[in-house]
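Working notes, structure below.
Every read-out reported here was derived from the displayed coordinates using simple, explicitly stated rules and does not represent laboratory data. The structure presented is a predicted model; accordingly, all values stated were derived computationally and were not measured. Backbone-built Cβ (ideal geometry, glycine too); neighbour counts: all protein chains shown.
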Amino acid sequence: GAAELGPYRHYMQKEIFEQPRAISDTLEGVEGISPELFGDGAYSVFKEVEQVLILACGTSYYAGSTAKYWLESIAKIPTSVEIASEYRYRDTVPHPKTLVVTISQSGETADTLAALKHARSLGMPHTLTICNVATSAMVRECKLAYITRAGVEIGVASTKAFTTQLAGLFLLTLALGQVRGHVSEAQEAEHLKAMRHLPVALQSVLALEPQVIAWAEEFARKENALFLGRGLHYPIALEGALKLKEISYIHAEAYPAGELKHGPLALVTAEMPVVTVAPNDTLLEKLKSNLQEVKARGGQLFVFADGDTRIESEPGIHVIRMPEHYGALSPILHVVPLQLLAYHTACARGTDVDKPRNLAKSVTVE
Ligand code: G6P
């Protein structure tokens, strides 16, 4: 009811603003990195496994897609990410020394549960879930678990569940990296410090809301949008596009910026806003030439840049600058303005934000 919403117009907005609290709750009690954060017996499992297989749907799948970059670059463990509904019906080549990781807000998604059982039936006994509901079927079915503390999420479009999943997946990366000897004590301390800073960092990103609202008014008049990101932020671009289509009904798709020339550039006109997640200078130099190609075709660029990037607003290029540069944890911060952009665009279009047409919060049938 209205009392629960407090100053917010919708649950989705409330849940976006709950993220600093959700992350600090999720990290509560984490004194240091150890496999036991994931349950008894995790050490021997982490010691034995040689690869990771992530299974999930929807927004949880994009959390997994982000984690792949962390797992391979920090823990140096080969990782594949599969859409649960595809994996369960596909012929695959199972490897017994695989850590099967399911990611699910509800812990009840039928396809993810079936994919988990399928993986187990193929002879992969090591299972772990990152899940927001401790009493769910997923937690019961997996040997190991990390329970995120997002709290109850009511908005159909997932927000705080996503960022807390990322926090849990980053802890998993550090724990696997530790056991495999790829994360030193000093690196661990650095990463933990950055994680503890997340609630404060999230607060300052949430303070960008008025700037995002100004953009949302422009987006509300469009029928298509393109999202670009590179590397670790490509899944964030995908998640931004998903949020926009789910609640505003604007057709949106995401591309890694380097693929622009292989297709989507043909779609770019003055009617096509192009949202760019641009966290750092190295990729920005490459991105800038992609951006010029968009600009030359009359496209309007909307860039989320980090505090230390030199990109400036100019005709055709709009920039919102993030307060800091966040390193490996950057996806957790960069997704927030994209959530706000989708939310305010949907509000401007007058859609039913918390209950978008045809979608369900939890899909417990195939
Ligand atoms: C539905 C929801 C999404 C969610 C997906 C997976 O499609 O609308 O927000 O990401 O299911 O749900 P899960 O509970 O498994 O994370």
Across segment 170-211, what fraction of all alpha-carbon pairs, as a whole percent, falls in each successive 5 Å bin from zero upward?
6, 21, 21, 16, 12, 11, 8, 5, 2
Between ALA189 and LYS286, what is the FRET efficiency for a Förster distance of 45 Å, r being their Cβ-Cβ separation, to the nearest 0.05?
0.90
Binning every alpha carbon pair distance of segment 276-366 at 10 Å from zero, what are the percents per bin?
14, 36, 28, 18, 4
Where both partners of a DSSP beta bridge lie in segment 259-366, what percent of those bridges are antiparallel, to the nearest 5?
10
Cα-based Rg then Dmax for the chain, in Å, read 19.9, 58
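Which number gives the lysine pairs in segment 1-146 that have C-alpha atoms under 16 Å apart and are eight or more places apart or on different chains? Before the final figure, lay out the partial values.
Working: LYS47/LYS76; LYS47/LYS97; LYS47/LYS143; LYS68/LYS76; LYS76/LYS97; LYS97/LYS143; LYS117/LYS143.
Qualifying lysine pairs in segment 1-146: 7.
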Where Lys and Arg each count +1 and Asp and Glu each count -1, what net charge lies around VAL179 among other residues with Cβ under 13 Å from its Cβ?
-1
How many nm is it between the label spots at HIS182 and GLU293, if each spot is 7 Å from the Cα in line with the beta carbon?
3.1
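Calculate the FRET efficiency for HIS262 and GLU314 from the Cβ-Cβ distance with a Förster distance of 25 Å, rounded to the nearest 0.05. All intermediate terms of the calculation are to be shown ahead of the outcome.
Working: r = 26 Å, r/R0 = 1.05.
Between HIS262 and GLU314 the formula returns 0.40.
Can you classify segment 114-204 as rounded, prolate or oblate using the Cα gyration tensor, where a ≥ b ≥ c are the square roots of its eigenvalues, rounded means a/c under 1.5, and otherwise it's prolate if a/b beats b/c and oblate if not? Write out the running numbers ahead of the final one.
Details: a/c = 2.95, a/b = 1.18, b/c = 2.50.
Note, shape of segment 114-204 comes out oblate.
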How would you rank 108-115, 272-279, highest first, on the average number of other Cβ atoms within 10 Å across their residues?
272-279, 108-115
Amide H contacts of THR79 (H built 1.01 Å from N, under 5 Å, at least 5 apart or other chain)
VAL52
Residue-wise HN-Hα coupling along segment 124-133, computed from phi with Karplus coefficients 6.51, -1.76, 1.60 (Hz; x: Gly, Pro):
10, x, 8, 10, 9, 10, 10, 9, 9, 10
How far apart, in nanometres, would the label points at LYS97 and LYS361 be if each is projected 7 angstrom from Cα along the Cα-to-Cβ direction?
4.3
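May I ask you to order 233-246, 351-364 by the average number of other C-beta atoms within 10 Å around their residues, highest value first? Please report the intermediate quantities before stating the final value.
On the way: 233-246: 25.5, 351-364: 14.4.
Packing order, densest peptide first, comes out as 233-246, 351-364.
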Can you give me the three principal axis dimensions of segment 40-179 from its C-alpha atoms, in Å, biggest first?
38, 33, 26
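In the chain, which helices (entire DSSP H runs) extend 27 Å or more along their own long axis, judged by Cα positions, while averaging at least 0.0 on the Kyte-Doolittle scale? Before the final figure, lay out the partial values.
Details: long enough: 160-179 (29 Å, 1.21); 185-206 (32 Å, -0.09); 330-349 (30 Å, 0.78).
Sorted by number, the helices that extend far enough and score high enough are 160-179, 330-349.
Quick one: if the Förster radius is 22 Å, what FRET efficiency do ARG196 and ASP40 give, using the C-beta to C-beta distance and rounding to 0.05?
Working: r = 26 Å, r/R0 = 1.17.
For R0 = 22 Å, the calculated efficiency reads 0.30.
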Subtracting the Cα-Cα distance of GLU4 and ALA270 from 0.36 nm times their residue separation yields 91.6 nm
Suppose we look only past 17 Å in the calculated P(r) of segment 220-311. What percent of the Cα-Cα pairs does that tail hold?
43
